[in-house]
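Asker: So that we are looking at the same thing, I have put the structure below in structure tokens.
The values are calculated or read from the model by the stated rules, or taken from the named source; none is laboratory data. As the structure is a prediction and not an experimental result, all values here were calculated from the model. With ideal geometry, Cβ positions are generated from the backbone for all residues, glycine too; neighbour counts draw on all protein chains shown. Accessible surface areas use protein heavy atoms only, side chains included; no ligands, DNA or RNA. Shrake-Rupley method; radii C 1.70, N 1.55, O 1.52, S 1.80 Å.
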Amino acid sequence: MRIDKLLANMGFGSRKEVKQLLKKGSVNQNDIVIKDGKQQVDPEKDNITIFGEQVVYKPFVYFMLHKPAGVITATEDSRESTVIDLLEADDLVLEPFPVGRLDKDTEGLLLITNDGKLAHQLLSPKKNVGKTYYAIIEGKVTEDDVEAFSQGVTLDDGYLTKPAILTILKSDTESEIHVTITEGKFHQVKRMFEAVDKYVTYLKRISMGEWQLDNDLEKGEYRELSIQELEYLQALTVKK
Ligand code: URA
């Protein structure tokens with residue numbers, strides 16, 4: 001495996017940042033400095049160090065799941081089926097877990113990984129990662145709602161949400177919308193609509209930042225992330 005891929009996968013930064021680390025001569029393979037990102041290493045056999053510290057190899061896995069309704073976002077549960085039950089046995093070996101929560105009846109984009117560092121960073125409210133949902137709403141969504149969302153709305157517990165971008169796709173007795181939020185409060189989208197006296201009847205997450213649900217994935221299907229997708233998510237979490 002290439003040293004730059006290994007280090008990026010292990011959370012030492014984006015490919016670009018790893019390149020810098022290599023360029024500075026901070027990385028050794030069996031006590032020899034390596035500067036070329038293309039250098040092949042065997043993570044199981046080679047002694048890799050960064051700044052003299054041994055890199056303990058733990059392979060990471062990253063999956064995009066099209067979550068169906070009816071399963072809960074948890075690793076295990078005595079009564080309910082979980083998103084992890086949808087994975088094949090081989091993919092369970094490295095003990096991946098879902099990042100963040102979608103309600104049982106919510107569908108759509110979900111990251112499943114064993115990379116705790118990336119998960120933690122993606123969920124951090126400080127990172128402001130926009131999560132976009134498609135929803136069907138009982139009631140006529142209006143420009144007043146768009147304006148209210150843009151200011152933030154007050155939820156049932158008195159919490160004032162951060163501003164959200166609401167786009168009306170269809171406005172009738174039943175409406176269709178896209179909404180982008182940057183937080184992840186419990187039932188947030190549903191409660192935001194309740195705050196403007198409307199009711200969400202269907203909810204699907206379609207993107208996180210520019211990372212989009214793959215339309216080729218049927219509900220319940222999943223696939224590994226591409227290198228580009230992984231690099232994108234890692235770059236989102238880099239300190240600004
Ligand atoms: N907001 C909700 O209300 N539910 C979800 O599952 C995600 C966001």
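Asker: With N residues in region 1-128, what two-decimal value do you get for its Cα radius of gyration over 2.2 N^0.38 Å?
Answerer: That works out to 1.28 for region 1-128.
Asker: For the chain, what is the charge dipole size about the Cα centre, in debye to the nearest 20, if Lys and Arg each add +1 at the Cβ and Asp and Glu each add -1 at the Cβ?
Answerer: 1240
Asker: Taking the Cα centre of region 104-143 as origin, sum charge times position over the Cβ atoms of Lys and Arg (+1) and Asp and Glu (-1), and report the length of that vector in debye to the nearest 20.
Answerer: Dipole magnitude for region 104-143 comes out near 280 debye.
Asker: Here's something else I'd like to know. Gaussian network model of the chain, Cα springs within a sub-10 Å range: biggest mean-square fluctuation belongs to which of Glu76, Glu221, Glu53?
Answerer: Highest fluctuation among the options: Glu53.
Asker: Can you give the convex hull volume per residue for the Cα atoms of the chain, as a whole number of Å³?
Answerer: Per-residue hull volume (Cα only) is 146 Å³.
Asker: Given an 8 Å cut-off on Cα distances and at least 6 residues of separation, report the relative contact order of region 130-208 as a percent.
Answerer: RCO, region 130-208: 46 percent.
Asker: A further question on this structure: Counting only the heavy atoms of the protein chains, how much of Met1 is accessible to a 1.4 Å probe, in Å² to the nearest 10?
Answerer: Spelled out: Met1, probe radius 1.4 Å, area about 80 Å².
Asker: Please state, rounded to one decimal and in Å, the Kirkwood hydrodynamic radius that region 130-208 gives when every pair of distinct Cα atoms enters the mean of 1/r.
Answerer: Roughly 12.1 Å, rounded to one decimal.
Asker: Enter the Cα centre distance for the pair region 183-240 and region 107-134, rounded to the nearest angstrom.
Answerer: First find each Cα centre; the distance between them is then 8 Å.
Asker: When the dipole is taken about the Cα centre of region 148-222, and only Lys, Arg (+1) and Asp, Glu (-1) are charged at their Cβ, what size is it in debye, to the nearest 20?
Answerer: 240
Asker: Now, a different point. Among Lys117/Lys162; Lys104/Lys162; Lys16/Lys117; Lys131/Lys190, which pairs are too far apart, with a Cα-Cα distance over 22 Å?
Answerer: Lys117/Lys162; Lys104/Lys162
Asker: Suppose R0 equals 25 Å; then what is the FRET efficiency for Glu174 and Asp105 from their Cβ-Cβ distance, rounded to the nearest 0.05?
Answerer: 0.90
Asker: Now for a separate question. Quick check on packing: order 102-110, 37-45 by the mean number of other C-beta atoms within 10 Å, highest mean leading.
Answerer: Result, highest mean first: 102-110, 37-45.
Asker: A follow-up question, please. Looking at the chain, what % of its DSSP beta bridges pair antiparallel, to the nearest 5?
Answerer: 95
Asker: Moving to a separate point now. Taking the simple approach of a point 7 Å from Cα along Cα-to-Cβ for both Val196 and Leu217, what is their distance in nm?
Answerer: 2.9
Asker: Right, next: What is the Cα convex hull volume of region 3-54 when expressed per residue in Å³?
Answerer: 66
Asker: I've got another one for you. Rolling a 1.4 angstrom probe over the protein heavy atoms, how many square angstrom per residue are accessible across region 1-159?
Answerer: Heavy-atom accessible area per residue stands at 54 Å².
Asker: Can you pull the percent of the chain's accessible area that's carbon plus sulfur, 1.4 Å probe, other chains left in place?
Answerer: 49
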